[in-house]
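**Q** This is the structure I want to talk about, given as structure tokens.
The values are calculated or read from the model by the stated rules, or taken from the named source; none is laboratory data. None of the values given here were measured: they were computed from a predicted structure. Using ideal geometry, Cβ is built from the backbone for each residue, glycine included, and neighbour counts are taken over all protein chains shown. What goes into the accessible areas is simple: the full protein's heavy atoms, side chains included, and nothing from ligands, DNA or RNA. Shrake-Rupley method; radii C 1.70, N 1.55, O 1.52, S 1.80 Å.
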Amino acid sequence: MIWLPSTFYSAVAATLVEMFDLVNTLRGAPAISFEFVARQADATTTPGISFHTRREPSQRMDMLILLAMPGVQVPALVAALEEESRHAAPLIARAQRDGAIIAAHCGAGYFLADAGLLDRKRATISWWLKADAQRRFPNVRWDASRVLVGDGRIYTCGGGFSGLELGKALLKDLGFAKEERLVRKLLVLPPSRHSQAPYEFPLTDLLPLHEPLRDRLEALARSQLRTLDLALLGAQLGLSPRTLARRFADELHTTPGRWIQDQRLEAAKTLLESTRLGVAEICYQVGYQDAASFSRLFNRTVGLPPGEYRRQSQ
């Protein structure tokens, strides 16, 4: 059973059923049946692609896959997820009663967290939602650096086309490992990806910046990142430490120290992606003095050591 929300990635929905149907073709007999469920009689994506859906499952569920709507404007996306979660809740409860495997794609981890299914479990979610998810659902062991996390009979994956990794994992765990290998070859699917870290970037890059504080901070990060510290930040902005902390909390929802660290790590990621500089040189260029400490911080924060990040991002 695949739940389609009010808007969704048609390519993900279609690819999942193509993978399942190809298993049937390879086996020469129907091994997997599937149907779409939605609030409306026919679910239509924003570009106008329609999927025939049911209001209710026609039979007992062995597996429920919940797709989520796309979007990177976090407040609007979270509001949409909260609204959709109310409608998905009865189907999730029914899947629990059926003893079904339950999988959440992209932001649909919100639905499972809302239902309490992720409490004390490991889970992932789209990287741009991780801060909000951690704040709203502190009992979940979020690991948003991962593309896919399976915990018992619960699966979560992050990012639109993480649905490919979800489909491959479900086929193998359902006992179709041989067919899954052939499906990958026939559909020429990309190699498995395990980390979302190489895909992250500041969401502010998508927005026009006309805010004085952000504009001045961006200029400082470009020109003085190597020497930037709290004292220099306050002096350049003409703000006392207390006012500086308040402005960051009110306007950027972070602390000055965390903002400096984030800027340095983003600069390091860019240098790893676009240059051949060694890790020690990159460490120095972004304002750190000890390469070993920098590598540990990078690994802890990004989820990959610098060398592996460079390999996966190229």
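**Q** Looking at region 21-135, what % of its DSSP beta bridges pair antiparallel, to the nearest 5? Working shown, then result.
**A** Working: 3 of 8 bridges.
Rounded to the nearest five, the antiparallel share is 40 percent.
**Q** Determine the shape class of region 138-248: with a ≥ b ≥ c the square roots of the Cα gyration tensor eigenvalues, call it rounded for a/c under 1.5, and otherwise prolate if a/b is greater than b/c, oblate otherwise.
**A** Numbers: a/c = 4.07, a/b = 2.73, b/c = 1.49.
Prolate, since a/c reaches 1.5 and a/b exceeds b/c.
**Q** Right, something else. When a/c is below 1.5 the answer is rounded, else prolate if a/b is larger than b/c, else oblate, so apply that to region 261-314 with a ≥ b ≥ c taken from the square roots of the Cα gyration tensor eigenvalues. Could the numbers behind the result be given before it?
**A** Details: a/c = 1.43, a/b = 1.16, b/c = 1.23.
The shape class here is rounded.
**Q** Give me the percent of DSSP beta bridges within region 114-244 that run antiparallel, rounded to the nearest 5. Don't skip to the end; give the middle numbers.
**A** Details: 6 of 8 bridges.
Expressed as a percentage, antiparallel bridges in region 114-244 total about 75.
**Q** Determine, at each q value in 0.14, 0.22 (inverse angstroms), the log₁₀ of I(q)/I(0) that the Debye formula gives when each Cα of region 70-128 is one equal point scatterer.
**A** -0.38, -0.90
**Q** Let me ask something additional. For the chain, compute the number of Lys pairs whose alpha carbons are separated by less than 20 Å, excluding pairs fewer than 8 positions apart on the same chain.
**A** Numbers: K121/K130; K130/K269; K168/K178; K168/K185; K172/K185.
Qualifying lysine pairs in the chain: 5.
**Q** Can you give me the long-range amide H partners of W3? Hydrogens built in the peptide plane at 1.01 Å from N, cutoff under 5 Å, separation of 5 or more residues or another chain.
**A** Amide H neighbours of W3: V37, I65, L66, L67.
**Q** Roughly what % of DSSP beta bridges within the chain run antiparallel, to the nearest 5? Write out the running numbers ahead of the final one.
**A** Details: 9 of 24 bridges.
Counting DSSP beta bridges with both partners in the chain, the antiparallel share is about 40 percent.
**Q** Under the Kirkwood approximation applied to all pairs of distinct alpha-carbon atoms, what is the hydrodynamic radius of region 29-141 in Å?
**A** Values: mean 1/r = 0.0664 Å⁻¹.
Result for region 29-141, one decimal place: 15.1 Å.
**Q** Here is a further query. Taking the square root of 5 times each eigenvalue of the Cα gyration tensor, what semi-axes in Å does the equivalent ellipsoid of the chain have, largest first? Kindly include the intermediate steps, with their values, before the conclusion.
**A** Details: eigenvalues 332, 104, 53 Å².
Output for the chain: semi-axes of 41, 23, 16 Å.
**Q** Longest segment of the chain with no trypsin sites (Lys or Arg not before Pro) in a DSSP loop having at most 11 other Cβ atoms within 10 Å? Show your work: numbers first, answer last.
**A** Values: sites that count: R55, R120, R276.
Maximal segment without exposed cleavage sites: 121-275.
**Q** Now a separate question. Each residue of region 98-110 in turn: what ³J(HN,Hα) in whole Hz from Karplus with 6.51, -1.76, 1.60 and θ = phi - 60°, glycine and Pro shown as x?
**A** Whole-Hz 3J(HN,Hα) from phi for region 98-110: 6, x, 7, 5, 10, 10, 10, 9, 6, x, 5, x, 4.
**Q** Going by a ≥ b ≥ c, the root eigenvalues of the Cα gyration tensor, does region 221-284 fall in the rounded group (a/c under 1.5), the prolate group (a/b larger than b/c) or the oblate group? Write down the numbers at each step before the final one.
**A** Numbers: a/c = 3.35, a/b = 2.16, b/c = 1.55.
Prolate, because a/c is 1.5 or more and a/b exceeds b/c.
**Q** Counting only protein heavy atoms, what percent of the accessible surface of the chain is carbon or sulfur at a 1.4 Å probe? Walk me through the numbers on the way to the answer.
**A** Working: 8050 of 15590 Å².
Carbon-and-sulfur percentage of accessible area, whole number: 52.
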